[in-house]
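The structure under discussion appears below in the form of structure tokens.
Values in this text are rule-based calculations from the coordinates and carry no lab data. The model shown is predicted, which means the values in this text are computed figures rather than measured ones. Cβ sites come from the backbone with ideal geometry, for glycine too, and all protein chains shown count toward neighbours.
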Amino acid sequence: MQNTVKTPVSFDGLGLHSGAPARLTILPAPANRGIVFRRIDGDLRDCEVPARWDLVNQSPLCTLLENAAGVSISTVEHIMAALSGCGVHNAVIEVNGPEVPILDGSSAPFVHGILSTGLRRQHAPIRALKVLKPVEVVKGGAKARLAPHDTLLLEFVIEFEDAAIGRQKKLLNMSNGSFVRELSTARTFCRKADVDAMRANGLALGGNPGENAVVFDGDRVLSPGGLRQPDEPVRHKMLDALGDLALAGLPILGHYSGLRAGHAITNDLLRAMFAQPDTFEIVTCDAETAARLPGAGVHWAEIPEVA
């Protein structure tokens, strides 16, 4: 059966790029509502922005959603990953500005909040998107692919010149609470040169090394405390991918692989899949299938202590 949160749960922080205070509240929603963002600042004519792949206004720095009225909400990938990884299918997410708070740069605070308030089972079966044929998008040296599989597999390869990152590769099955244990605490990361360039252009004003981002400079990790895992960068890329894939609107049964992939190419992949209806089908999940989805079997005790 589908799930929503039992009670509202709120989070306060800063917008990563604006540096402005931001408050987000996850509210229960009825079955089959899906995930919907709602801007509550000002007098917005059309304040709701559904969390859908076709409303993504592609940006190289984050995932930004924008409705037909031009109302937008940015940096949604970490909260979307948390909702997907905790098995929340329906929620209204109120935000008092144009940007989701970055918190610690990972999904862990959202996971803590969701699991502490608990989930309420609803009287409607879960539907999932089952990949039937491979779909692939290639852009320059980046590639993203979805292929058939009976669970959600995430596979990712990153390659950076900075020796402290280098080449990292990881493959994870998202069943049995794997997201919470393996990916939820991985923080966003960037190179020092990129931070300097963004700040010169009025971006990343809410970024703070050690508090909500990991900053690399060649062979050095500049953030106090270092890394949470030796391969934290590739884990965070997988976290981002899960959040971006959640914009399909349904849990995915398939094997996602990304090579130097980012937000835009993962969105291109969803667009390519939905443009080819023979590459997928929508299935109603029986108990066995539902048990293989991200979020099934999540337990509070499995959240890593670092969170």
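Brief remarks follow.
- The trypsin sites (Lys or Arg not before Pro) found in the stretch 27-114 that occupy coil by DSSP, while having at most 15 further C-beta atoms within 10 Å, are R45.
- Residue pairs, from the table K6/K139; K130/K169; K6/K133; K170/K192; K6/K169, whose Cα atoms sit over 32 Å apart: K6/K139; K6/K133; K6/K169
- For the chain, adding -39500 (n - 2.57) for each run of n ≥ 4 DSSP H residues and dividing by the number of residues yields -5500 deg cm²/dmol at 222 nm.
- Förster radius 35 Å - calculated FRET efficiency between R271 and R220 (Cβ-Cβ, nearest 0.05): 0.35
- GluC sites (Glu not before Pro), loop per DSSP, at most 14 other Cβ atoms within 10 Å - longest free stretch of the chain: 1-160
- Length gained when the stretch D278-L171 is fully extended (0.36 nm per residue, less Cα-Cα span): 35.9 nm
- Restriction of the chymotrypsin sites (Phe, Trp or Tyr not before Pro) in the stretch 153-197 to DSSP coil positions whose beta-carbon has at most 10 other beta-carbons within 10 angstrom yields no sites.
- A Gaussian network model of the chain, with springs between Cα atoms under 10 Å, assigns the largest mean-square fluctuation among C285, C86, C62 to C285.
- For the chain, the relative contact order works out to 26 percent when only alpha carbon pairs closer than 8 Å and six or more residues apart are counted.
- Net lengthening on full extension, Q229/I40 (0.36 nm per residue, minus Cα-Cα): 64.4 nm
- Cα shape, the chain, gyration tensor, a/c 1.5 rule: rounded
- DSSP-assigned coil residues among chymotrypsin sites (Phe, Trp or Tyr not before Pro) in the stretch 1-108, each with at most 10 further Cβ atoms within 10 Å: none
- Separation in nanometres of the label points that stand 7 Å from Cα toward Cβ, at A68 and R23: 3.2 nm
- Using a Förster distance of 41 Å, the FRET efficiency for D286-K139 (Cβ separation, nearest 0.05): 0.65
- Per-residue ³J(HN,Hα) for the stretch 184-193, Karplus 6.51 cos²θ - 1.76 cosθ + 1.60, θ = phi - 60°, Hz, x for Gly and Pro: 4, 8, 6, 8, 4, 9, 7, 8, 4, 4
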